[in-house]
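Student: Below is the structure I would like to discuss, written out as structure tokens.
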Amino acid sequence: MPMKIVLIAPYENLARDAEEVCRAYGERVEILLGRMEEGVRLGRRAVAEGAAVLISRGGTCLRLAEQAGVPVVEIAVTAYDVLRALTRAAERGKRIGVAGFTNVIDGLAELRPILRVPVVPIEITGEDEESRRRLEAAVRDEGVDCLVGDTSVVMQGANLGVPCVLIESGKTAIWSAIQEAKRIVAARMAERRVQTTLRTAIDRANQGLLVLDGGTVAFANRTLLAWIGRDTCAGLPARQCLPPSLCDFADAAPEGHRSDVIRVGGQLCFAERHCLGEEGRVMVVLSRVEEIESAERQVRQKRAMGGHVAHYTFDDLYGPSRAMRAVVARAIHFAQTDSSVLIVGETGTGKEVLAQSIHNASPRARGPFVAVNCAALPDQLLESELFGYEDGAFTGARRGGKPGLFELAHGGTIFLDEIGETPLHVQQRLLRVLQERQVMRIGGERVIPVDVRVIAATNQPLWQFVQEGKFRKDLFFRIDVLRLHTVPLRERREDIPELTERLLHQLWYKRKGVGARPRIDPAIYPILQDYHWPGNVRELQNMCDYLVATAGSGRIGMAEILDWLEHKALPDTAPKEAPAAPGTGEVPPVDATLEDVERWAVERMLQHTGGDLTRAAQTLGISRTTLWRKLKQWQADAGSAGHGTNLA
Ligand SMILES: Nc1ncnc2c1ncn2[C@@H]1O[C@H](COP(=O)(O)OP(=O)(O)OP(=O)(O)O)[C@@H](O)[C@H]1O
């Protein structure tokens, strides 16, 4: 509703001039006629009916300013208005008294030289006794024979029997006063908008807000009123309308900021009290514990999702064999549960793809998927990566500490790859986390609850590790709740044609379709199906990558496959007379064991790649971890046999 402006005109000419100004400038101002007490009565009624600003003049204006309760703009008396009145008065008297407030008579002395008649200033403040006495004295003692002033002067002058001239405000002064009133209205509207917005925001806040002044409720927002089932509380003694728990919390010593968890109208709340600086005024902010926990979950989830996302789904697992389908069907079933999963299988058989797919098909799909390779990190680093650390936990620790992967996996899944490689002291800590579902950072004392599903994977005989004391039995049973066995490629040879075709197409597409689209000659499938595939699908993938990169015409036949087999330095594919890779040594002796041959092949490959483990593992078709494990094993064997083999 627009705010109303009302002009109270103490005399008729002013009302008429104001109407003309409004008409001429299109101003919307209500004009009422009434002077002094009558003007005040009209003004107060206008305010009661919604007037936001009043305009008036002289004594009426003064009274309104004291009593109306809204801003009152004065129509100023300008020097021109006074001059106009004096000119008229000079025609009616020989000595003129100008009566009014100081603002009217100030500056009169400067006008004297240009006036034809003498002028006497009479300072009055209205229609009081003193003002009347001064007017009388001017007429009686100073020879004033005509009075100039506002309506009250004119009335009193008439009683004294002296001719009077009213100082009338010009239209410019009226227009200026209306503009000033409009500025005030605009400012008040803007203020009202801010107040309404603030009020709505405070009422709609999820938190309950309470301000107490001494023992009385100064303010309670809608949220709090709803919790305690009241329409209002303002002005009531706190103990009369608020739950005792809230009053006790607000009253309790020590003064200043304090917080606690309390129950308010059935809501468990985190309460904070702030002193507002003024004597006895306190503000209490109540947040529902449930909401804080949910917000915390969201924050943790948001942070955790940074980079920890599962990309694969079950659609990414190719292979029409019954064995493959059975594994996928079992995994889909496991995805619906929240129990730990242990995936057992050779390298490159899709254990991580399965883990990601299970996560993406589970109710935790929107949470993070955090993968960690337990074999790829040095012992100490693995521990701090998994569980995090507090500030100053050890030399070189990041300032402010660091959350561990378990914390980052909150609300989602953690994939512990190569779980069999976890050192025993980390296993013990891992067991505690899985049992208690909470982590304690290294060097820390507080426990952090974590809601994480665990999927572990291994290509090691884990149960044998348990028997050899290398893996904790209790941890084994914690992890081995639902078991999945991936099937090596050589045991599902019927998958090889489809896998090869799909991988070829996928890799060609990944290279943005550069070169001819690969077309494979079905005659070579029997050769691929005869092959041992120690690196499983990863090795098949590497082969396809090689073929896409090298088969210029796109046609893949026997020659291309032989080329790839020759390119590989694997012992079970490389013929004894195979041409040596650049920088290689002699072939192993005829009576060498399979392990000797494997070691020979790995050494040749590492020489070939200049010690680059990643590239060597890729070309050999095994994972980097498998390669690393083999090297560690051979080094340990060499150590115990008393001679060193530098394979790294
Ligand atoms: N059935 C499958 N269909 C399509 N691609 C597959 C399949 N199995 C594995 N792969 C691909 O093979 C590669 C290796 O898979 P993954 O990393 O899941 O194996 P892994 O068993 O975890 O290996 P490792 O034990 O060496 O870590 C990936 O690029 C994956 O996409």
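The values are calculated or read from the model by the stated rules, or taken from the named source; none is laboratory data. Just so it is clear, the structure is predicted and the values come from calculations on it, not from any experiment. Using ideal geometry, Cβ is built from the backbone for each residue, glycine included, and neighbour counts are taken over all protein chains shown. For the accessible areas, the whole protein counts, side chains as well, though only heavy atoms, and no ligand, DNA or RNA atoms are used. Shrake-Rupley method; radii C 1.70, N 1.55, O 1.52, S 1.80 Å.
Student: Of the residues that sit in segment 584-621 and are small (Gly, Ala, Ser) and either in contact with a Ser or Thr (Cβ under 8 Å, 6 or more places away or on another chain) or at pLDDT 75 or above (or both), which one is surrounded by the fewest Cβ atoms within 10 Å (Cβ to Cβ)? Lay out the reasoning, then the answer.
Tutor: Keep residues of segment 584-621 that are small (Gly, Ala, Ser), which gives 585, 592, 601, 610-611, 616-617, 621.
Still in the list and also either in contact with a Ser or Thr (Cβ under 8 Å, 6 or more places away or on another chain) or at pLDDT 75 or above (or both): 616-617.
Working: 616: 23, 617: 25.
Among them, the one singled out is 616.
Student: Separate question: Step by step: first the residues of segment 138-161, then only those that are assigned to a helix (DSSP H, G or I) and of a type in the set (D, E, K, R), then the one that is most open to solvent (accessible area, probe 1.4 Å). Which residue is that?
Tutor: Restricting attention to segment 138-161, the residues satisfying the condition of being assigned to a helix (DSSP H, G or I) are 138-141, 151-160.
In the following step, the residues that additionally are of a type in the set (D, E, K, R) were identified as 140-141.
Numbers: 140: 162, 141: 107 Å².
So, considering only residues that are assigned to a helix (DSSP H, G or I) and of a type in the set (D, E, K, R), the one most open to solvent (accessible area, probe 1.4 Å) is 140.
Student: Could you tell me how many of the residues in segment 162-186 are among the aliphatic types (A, V, I, L, M), open to solvent by 20 Å² or more (accessible area, probe 1.4 Å), more than 12 Å from residue 89 (Cβ to Cβ) and touching a helix residue (DSSP H, G or I) at 6+ places or on another chain (Cβ under 6 Å)?
Tutor: 0
Student: Among the residues of segment 348-363, which ones are open to solvent by 20 Å² or more (accessible area, probe 1.4 Å) and more than 10 Å from the ligand (Cβ to nearest atom)?
Tutor: 360, 361, 363
Student: Restricting attention to segment 547-583, report how many residues are modelled with pLDDT under 50 and within 56 Å of the chain's Cα centre (by Cα). Quick ask: steps written out before the conclusion?
Tutor: Taking segment 547-583 and keeping what is modelled with pLDDT under 50, we get 570-583.
Within this subset, residues satisfying the condition of being within 56 Å of the chain's Cα centre (by Cα) are 570.
Within segment 547-583, residues that are modelled with pLDDT under 50 and within 56 Å of the chain's Cα centre (by Cα) number 1.
Every residue, every condition in (1) modelled with pLDDT under 95; (2) over 22 Å from residue 404 (Cα atoms); (3) in contact with a Phe, Trp or Tyr (Cβ under 8 Å, 6 or more places away or on another chain), yes or no:
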| residue | (1), (2), (3) |
| --- | --- |
| 302 | yes, no, no |
| 308 | yes, no, yes |
| 315 | yes, yes, no |
| 320 | yes, yes, no |
| 362 | no, yes, no |
| 368 | yes, no, no |
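Student: Out of all the residues in segment 31-47, is one or more under 58 Å from the mean Cα position of the chain (by Cα), charged (D, E, K, R) and over 19 Å from residue 12 (Cβ atoms)? Even if it seems obvious, please write down each step before you answer.
Tutor: Of the residues in segment 31-47, the ones under 58 Å from the mean Cα position of the chain (by Cα) are 31-32, 39-47.
Of the ones still in play, those that are also charged (D, E, K, R) are 41, 44-45.
Next, only the ones that are over 19 Å from residue 12 (Cβ atoms) stay: 44-45.
Taking every residue of segment 31-47 in turn, at least one turns out to be under 58 Å from the mean Cα position of the chain (by Cα), charged (D, E, K, R) and over 19 Å from residue 12 (Cβ atoms).
Student: Are any residues in segment 306-347 open to solvent by less than 20 Å² (accessible area, probe 1.4 Å) and assigned to a helix (DSSP H, G or I), and if so, which ones?
Tutor: 324, 327, 328, 331, 334, 335 - these are the residues of segment 306-347 that are open to solvent by less than 20 Å² (accessible area, probe 1.4 Å) and assigned to a helix (DSSP H, G or I).
Student: Another question, then. Please determine whether any residue of segment 368-390 is aromatic (Phe, Trp, Tyr), under 24 Å from residue 463 (Cα atoms) and within 16 Å of the ligand (Cβ to nearest atom). Full working, then the answer.
Tutor: Going residue by residue through segment 368-390, those that are aromatic (Phe, Trp, Tyr) are 369, 387, 389.
Pick out the ones that are also under 24 Å from residue 463 (Cα atoms) and you get none.
No, that holds for no residue.
Student: Can you tell me which residues in segment 421-467 are more than 19 Å from residue 339 (Cβ to Cβ) and among the charged types (D, E, K, R)?
Tutor: Scanning segment 421-467 gives 421, 429, 441, 445, 446.
Student: Go through segment 603-623 and give me each residue that's within 14 Å of residue 536 (Cα to Cα) and either in a loop (DSSP other than H, G, I, E, B) or near the ligand (Cβ under 10 Å from one of its atoms) (or both). Please lay out each step first, then the result.
Tutor: Of segment 603-623, the ones within 14 Å of residue 536 (Cα to Cα) are 617-623.
Of everything in segment 603-623, those that are within 14 Å of residue 536 (Cα to Cα) and either in a loop (DSSP other than H, G, I, E, B) or near the ligand (Cβ under 10 Å from one of its atoms) (or both) turn out to be 617, 621, 622, 623.
Student: Same structure, new question: Could you please give the count of residues in segment 505-525 that are away from the ligand (no atom under 16 Å from the Cβ) and within 20 Å of residue 319 (Cα to Cα)? Break it down stepwise before answering.
Tutor: Kept after step one, since they are away from the ligand (no atom under 16 Å from the Cβ), are these residues of segment 505-525: 512-525.
Keeping just the survivors that are within 20 Å of residue 319 (Cα to Cα) gives 518-525.
Counting residues in segment 505-525 that are away from the ligand (no atom under 16 Å from the Cβ) and within 20 Å of residue 319 (Cα to Cα) gives 8.
Student: Could you run through segment 307-337 and say how many residues are within 14 Å of the ligand (Cβ to nearest atom) and on the phi > 0 side of the Ramachandran plot?
Tutor: 1
Student: Considering segment 188-202 alone, what residues qualify as being surrounded by 12 or more Cβ atoms within 10 Å (Cβ to Cβ) and either out of contact with any strand residue (DSSP E or B) (no Cβ under 9 Å at 6 or more places or on another chain) or under 29 Å from residue 79 (Cα atoms) (or both)? Break it down into steps so the answer makes sense when it comes.
Tutor: First, pick out the residues of segment 188-202 that are surrounded by 12 or more Cβ atoms within 10 Å (Cβ to Cβ): 188-189, 192, 199, 202.
Correct list: 192, 199.
Student: If you don't mind, there's one more thing I want to ask. State yes or no: is residue 193 of a type in the set (D, E, K, R) and modelled with pLDDT of 90 or more? Explain how you work it out, then say what you get.
Tutor: Values: of a type in the set (D, E, K, R): yes; modelled with pLDDT of 90 or more: yes.
In short, yes.
Student: Next question, about the same structure. Could you figure out which of (1) open to solvent by less than 30 Å² (accessible area, probe 1.4 Å); (2) within 12 Å of the ligand (Cβ to nearest atom) isn't true of residue 502?
Tutor: Against the list (1) open to solvent by less than 30 Å² (accessible area, probe 1.4 Å); (2) within 12 Å of the ligand (Cβ to nearest atom), residue 502 comes up short only on (1).
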